[in-house]
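The values are calculated or read from the model by the stated rules, or taken from the named source; none is laboratory data. Just so you know, these numbers come straight off a predicted model, no measurement behind them. No Cβ is skipped: glycine too gets one built from the backbone with ideal geometry, and neighbour counts run over all protein chains shown. Just the protein is used for accessible areas: all its heavy atoms, side chains included, with ligands, DNA and RNA removed. Shrake-Rupley method; radii C 1.70, N 1.55, O 1.52, S 1.80 Å.
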Amino acid sequence: MELYTTANTPITPPSSHAEFLAKLVPSFLSLDTDGRVIRIDSFSKVIAPGSRIGWITAPEQICSRYFRHSDQSTQGPSGFSQLALFKLLDEHWGHSGYLDWLIYIRLEYTKRRNVMLGACDEFLPKSLCRWKPPMAGMFWWVEIDWRQHPMALKVERGEMTLEELEERIWLRVIEEGTLLIRGSWFAPNKEQVLEKMFFRGTYAAAKGEQIVEAVRRVGAALRGEFGLEEMEEGSGVNGVNGHA
């Protein structure tokens with residue numbers, strides 16, 4: 001899937017719906033021969049996050065049980081959301097229009113991802129941060145080498161938890177006027193000891209200039225929190241405050 005390989009990859013739309021579908025990553029359903037795969041899809045990430053509507057593809061027996069369970073629990077998604085999506089998909093777009101939209105949104109996410117990666121390369125301290133180009137979706141993860149923090153010894157001595165240090169860095173980013181999501185919030189087991197620190201950002205809704213400014217602020221927050229500004233001022237490394 002050349003569209004997602006690197007930040008510098010040319011963004012070329014597919015020539016047809018058939019080409020678009022052929023280049024999609026195959027679903028596990030294509031490997032299923034005896035009805036053991038259940039596929040779950042949602043409109044939240046491709047049309048409207050607030051719709052809260054999705055669907056499952058599964059054997060008839062599982063779909064029947066799921067229907068009875070849903071009827072006695074949620075009693076189905078919002079009727080308003082269902083009607084709005086029905087009008088859009090069935091009466092306005094149709095199958096062809098939905099594929100056109102998916103092609104468009106993939107290209108848009110790719111453009112914004114590339115803007116974010118370029119901003120990361122320019123503004124984030126590479127001695128402190130590591131990241132990989134997202135291969136799909138709308139989220140970007142950055143790993144922070146917390147052991148370079150002035151308070152890292154406190155964590156290693158047990159005088160401070162890694163989550164407390166993570167919160168300190170998170171609040172410093174907020175002080176700069178932007179927001180990342182703390183990686184520890186995604187830990188399935190809150191009791192487990194995390195040795196690495198990650199933060200998550202998104203490029204789904206912001207414009208290009210907003211993405212660049214947000215990453216610049218993250219870089220400024222990290223340099224200030226880790227005390228890198230003074231080091232970089234005399235090292236010839238470009239910094240967010242114009243040092244050279």
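Points to keep in mind about this one:
- Across region 144-204, Cα-Cα distances exceeding 20 Å account for 27% of all pairs.
- Which of D100, D41 is most accessible, then next, and so on - probe 1.4 Å: D100, D41
- Shape of region 96-237, Cα gyration tensor, a/c cut at 1.5: oblate
- Remark: region 59-120 is approximated by an ellipsoid whose semi-axes, taken from the C-alpha gyration tensor as √(5λ), come to 34, 18, 13 Å, largest first.
- Karplus 3J(HN,Hα) series, Hz, for region 108-123 with 6.51 cos²θ - 1.76 cosθ + 1.60 (x for Gly, Pro): 5, 4, 5, 4, 5, 4, 5, 4, 5, 5, x, 5, 4, 5, 8, 10
- For the chain, a Kirkwood hydrodynamic radius built from all Cα pairs, placed in the Stokes-Einstein relation at 25 °C and 0.890 mPa s, yields a translational diffusion coefficient of 115 µm²/s.
- The label point for K45 and the one for L102, both projected 7 Å from the Cα toward the Cβ, are 1.3 nm apart.
- Sorted from greatest to least, the principal axis extents spanned by the alpha carbons of region 91-150 come out as 60, 18, 14 Å.
- For the chain: accessible area per residue (Å², 1.4 Å): 63 Å²
- Its Cα centre serving as origin, region 1-112 has a Cβ charge dipole (Lys and Arg +1, Asp and Glu -1) of approximately 360 debye.
- In sequence order, calculated HN-Hα J values of region 88-96 (Karplus, 6.51, -1.76, 1.60; Hz; x Gly/Pro): 5, 6, 8, 9, 10, 6, x, 4, 5
- Alpha-carbon Rg/Rh ratio, for region 14-121, with Rh computed the Kirkwood way: 1.03
- Residue-averaged [θ]222 nm for the chain, counting only DSSP H segments that reach four residues, each worth -39500 (n - 2.57): -13000 deg cm²/dmol
- For T57, T110, T74, T178, the ranking by accessible surface with the largest value first comes to T74, T57, T178, T110, using a 1.4 Å probe.
- Lys, Arg +1 and Asp, Glu -1 on Cβ, resulting dipole of the chain about Cα centre, debye, nearest 20: 420 debye
- Pairs of lysine residues in the chain - Cα separation under 19 Å, sequence separation of 8 or more or cross-chain: 9
- Model label sites at I174 and T33, defined 7 Å from Cα along the beta-carbon direction, differ in position by 5.4 nm.
- FRET efficiency for S64 and V25, using Cβ-Cβ distance with R0 set to 22 Å, rounded to 0.05: 0.15
- The simple spin-label model puts a point 7 Å past each Cα toward its Cβ; for R130 and K154 those points are separated by 2.5 nm.
- Loop-resident sites, region 117-205, for trypsin sites (Lys or Arg not before Pro), counting at most 10 other Cβ within 10 Å (DSSP): K126, R157, K190
- Apportionment of accessible area to carbon and sulfur, the chain, percent (1.4 Å): 55 percent
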